[in-house]
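S.K.: Please read through the structure below; I'll follow up with questions.
The values are calculated or read from the model by the stated rules, or taken from the named source; none is laboratory data. Worth saying up front: this structure is predicted, and the values here are computed from it rather than measured. Cβ sites come from the backbone with ideal geometry, for glycine too, and all protein chains shown count toward neighbours.
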Amino acid sequence: MQSFWVTFTVLRFLKLCVVSVRIVAPSFTTHSFGMNQRMVVLKTSELYCVGSEEYRVTAMGPSIAEIAPPGYYLLFVVHAGIPSSGMWVKIQ
């Protein structure tokens, strides 16, 4: 489990308890059945204001490969139920 930080911009920041960092595995479909659908909510620990409307949150990566096997994921910062644009990340 490794920690990392994500910087995001939000116009009206509320509080840390409404911020989450999530990774979503890209699913694939075969024979009309979606496979590998997975969303993991990562643990967050610290939040800093780094500028006007800009914040940095520290998150912990998945603890074991059974939670998030190695591969590519879309990472989202969710603030008050509203997700950011996704960013591709690779988990090794």
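S.K.: Can you go through Val10, Val57, Val18 and tell me which one is touching a Gly at 6+ places or on another chain (Cβ under 9 Å) and on the phi < 0 side of the Ramachandran plot? Full working, then the answer.
M.R.: On the way: Val10 fails: touching a Gly at 6+ places or on another chain (Cβ under 9 Å); Val57 fails: touching a Gly at 6+ places or on another chain (Cβ under 9 Å).
Residue meeting the stated conditions: Val18.
S.K.: Tell me whether the stretch 48-57 contains one or more residues that are among the small types (Gly, Ala, Ser), farther than 22 Å from Met1 by Cβ and in a loop (DSSP other than H, G, I, E, B).
M.R.: yes
S.K.: A follow-up question, please. Given (1) at pLDDT 90 or above; (2) loosely packed, with under 12 Cβ neighbours inside 10 Å; (3) at negative phi, where does Cys49 come up short, assuming only one miss?
M.R.: With (1) at pLDDT 90 or above; (2) loosely packed, with under 12 Cβ neighbours inside 10 Å; (3) at negative phi applied to Cys49, the lone miss is (1).
S.K.: Just need a number here: residues in the stretch 58-85 that are over 19 Å from Val18 (Cβ atoms), not aliphatic (A, V, I, L, M) and not in a strand (DSSP E or B).
M.R.: 6
S.K.: Answer yes if at least one residue in the stretch 59-67 is under 20 Å from Ile82 (Cβ atoms), touching a residue at least 24 places away in the same chain (Cβ under 8 Å) and touching a strand residue (DSSP E or B) at 6+ places or on another chain (Cβ under 7 Å), and no otherwise.
M.R.: Yes - at least one qualifying residue is present in the stretch 59-67.
S.K.: Would you tally the residues in the stretch 1-44 being more than 18 Å from Ser84 (Cα to Cα), surrounded by fewer than 12 Cβ atoms within 10 Å (Cβ to Cβ) and in contact (Cβ under 8 Å) with a residue 40 or more places away in the chain?
M.R.: So the answer is 2.
S.K.: How many of the residues in the stretch 18-42 are part of a loop (DSSP other than H, G, I, E, B) and modelled with pLDDT of 75 or more?
M.R.: Residues of the stretch 18-42 part of a loop (DSSP other than H, G, I, E, B): 26-27, 31-32, 36-37.
Then drop every residue that is not modelled with pLDDT of 75 or more, which leaves 26-27, 37.
Qualifying residue count, the stretch 18-42: 3.
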